[in-house]
Amino acid sequence: MRKNYEIFGKYTFLFILLLLLSYRSIYPSEREVRGIISDTTVDLVWEWTFGGISHELASTLIQTTDGGFVVFGVVESFGAGYTDLWLVKTDASGQHEWNRTIGAASWDQNAHSILQTADSGFLLAGNTYSYGAGNADYWLVKTNSTGHPVWNSTFGDSQHNILYASTPSSDGGFLLAGYNDVDESTWIVKANATGHHLWNRTLAGFTLVNSVIQTLDGGYLFAGETDEASSADFFVSKTDMNGDYEWNASFGGPEWDVATAVIQLADGSLLLTGPTQSFTGLGNSDYWLIKTDSTGQPLWNTTFGTLKSEEVQTLIHTTDGGFLLVGTRYVSASNHDIWLVKTDALGQAEWNTTFGGTSDDSANSVLQLSDGNYIVAGTTESWGAGASDMWLFKLKLSEETTTSLPDTSPSTTSASTTNADSGSGFTLHFLILGFSFLFLFTRKRRA
């Protein structure tokens, strides 16, 4: 009898140990997931397209004081010349209220920035081939509240001066940045609120400037690309309020890396984004997000991408302290959709979503509204009246289902998970171990 009790105790201990091990293997407390995990669904609230039989594109948008929106871009279907600047005003639901074409007989394009002025009019920055001193000049246009031009100013010489970036300044004017093909330099111009030239500078180091912001100290920060041994790197350059150089920094690897947008946070730190080919996890190019301190010293960076190619155009700082990156994601070799990637304050992906049809669709501008939802301005070839149309849509976030999205990021995130068959798995293991125990115990007793 004593021997039987010893056998019983021995096998009971073994049974309990195996049971515990089985429980852990079926219910892992945590796993590493390479990708973007989200419990947020993104719903399309409304969408509108604007255009004619030819090509139109949306460059940027603002929310107006009446709660509506103005989309600023370029129109080919209507207007006086080959292309004109185009303003489309909508109400808060995106429905068309009015539109205006601004231009003359030649090419008027490169719509970059718009601000609403104190008199409810608008100040626009673009390029004109129709007016000015040369083949192409920087162009500022002031309109009234319904988009009719009040005055305009041009800046340039006898050659091509191509505007690539601009930003409103704290004095109500504009800082304009682009390319001068006389000496192949980056040329910056400061104009006041009435369009008068204040100063201009040549900025060293850039192959191309894609973004400029006014910094908290009143100076300016420029972001774009510079050639480094036949490749391109992120390049940023800081000036004071008079355009005089203070510092620069570059980031990149052996391939093509181009900064397309920069923002500054309230603590002075900087966020840069753009496509990278040097640090792709999977595809030909990925979104790249870099955070630096106020002097350009890197703090962290992360990339987001899929098996195909992604090219990010812009980003915003969201009200929850995170960031939203907007650009394009190739879904086939010749077709790309709009791709939005939302991160937390540390650059960790929270959710992502794509919008698009059977042709090319892209986005250059996004706003977050006071209700936390988003307005996106883009260009669509999948829908609309012509070859390409302006595309304006509103997105609403809702907490409904847990979704593992298909896109991947080189960084890993930790997520809890439960085996979908855990109940039946536990029962099966329990029965197998139980019968094994009874068989061994019974066999021992018979021996």
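The values are calculated or read from the model by the stated rules, or taken from the named source; none is laboratory data. Given the structure is predicted, the values throughout are model-derived calculations rather than measurements. When we count neighbours, we look across all protein chains shown, and the Cβ atoms used for this are built from the backbone with ideal geometry, even at glycine.
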(request) Among the residues of segment 319-349, count how many are over 17 Å from Thr41 (Cβ atoms) and acidic (Asp, Glu). (result) 2
(request) Go through the residues of segment 194-208 one by one and say whether even a single one is in a strand (DSSP E or B), closer than 26 Å to Ala363 by Cα and touching a strand residue (DSSP E or B) at 6+ places or on another chain (Cβ under 7 Å). (result) yes
(message) What's the total number of residues in segment 247-287 that are closer than 14 Å to Thr226 by Cα and part of a loop (DSSP other than H, G, I, E, B)?
(response) 8
(request) Scan segment 318-336 for residues that are in a strand (DSSP E or B) and touching a strand residue (DSSP E or B) at 6+ places or on another chain (Cβ under 6 Å) and report the count. (result) 10
(request) Could you check Leu208 against (1) under 19 Å from Val312 (Cα atoms); (2) of a type in the set (A, V, I, L, M, F, W, C); (3) under 19 Å from the mean Cα position of the chain (by Cα) and say which number it fails? (result) (3)
(request) Could you name every one of the strands (runs of 3 or more DSSP E) located completely within segment 48-95 that has at least 3 residues being more than 14 Å from Leu115 (Cα to Cα)? (result) 56-63, 84-90
(message) So, in segment 98-120, how many residues would count as being crowded, with 18+ Cβ neighbours inside 10 Å and outside any strand (DSSP E or B)?
(response) 1
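Conditions (1) surrounded by 16 or more Cβ atoms within 10 Å (Cβ to Cβ); (2) modelled with pLDDT of 95 or more, marked per residue:
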residue	(1), (2)
Thr280	yes, no
Trp300	no, yes
Tyr330	yes, no
Trp339	yes, yes
Gly347	yes, yes
(message) Is it the case, given these coordinates, that Thr354 is at pLDDT below 95, surrounded by fewer than 20 Cβ atoms within 10 Å (Cβ to Cβ) and not in a loop (DSSP other than H, G, I, E, B)?
(response) yes
(request) Give the residues of segment 37-95 that are among the charged types (D, E, K, R) and farther than 12 Å from Ala111 by Cβ, sorted by residue number. (result) Asp39, Asp43, Glu47, Asp66, Glu76, Lys89, Asp91
(request) Within segment 135-165, track down each residue that is among the aromatic types (Phe, Trp, Tyr) and within 29 Å of the chain's Cα centre (by Cα). (result) Tyr138, Trp139, Tyr164
(request) Could you list, in sequence order, all residues of segment 349-383 that are over 16 Å from the mean Cα position of the chain (by Cα) and among the hydroxyl-bearing types (Ser, Thr, Tyr)? (result) Thr358, Ser359, Ser370, Thr380, Ser382
(request) Considering only residues that are aliphatic (A, V, I, L, M) and under 10 Å from the mean Cα position of the chain (by Cα), look in segment 302-327 and name the one that is surrounded by the fewest Cβ atoms within 10 Å (Cβ to Cβ). (result) Ile316
(request) Determine, yes or no, whether Ala232 is of a type in the set (A, V, I, L, M, F, W, C), over 22 Å from Tyr131 (Cα atoms), touching a strand residue (DSSP E or B) at 6+ places or on another chain (Cβ under 9 Å) and part of a strand (DSSP E or B). (result) yes
(request) Go through the residues of segment 140-162 one by one and say whether even a single one is within 20 Å of Arg100 (Cβ to Cβ), surrounded by 16 or more Cβ atoms within 10 Å (Cβ to Cβ) and touching a residue at least 60 places away in the same chain (Cβ under 8 Å). (result) yes
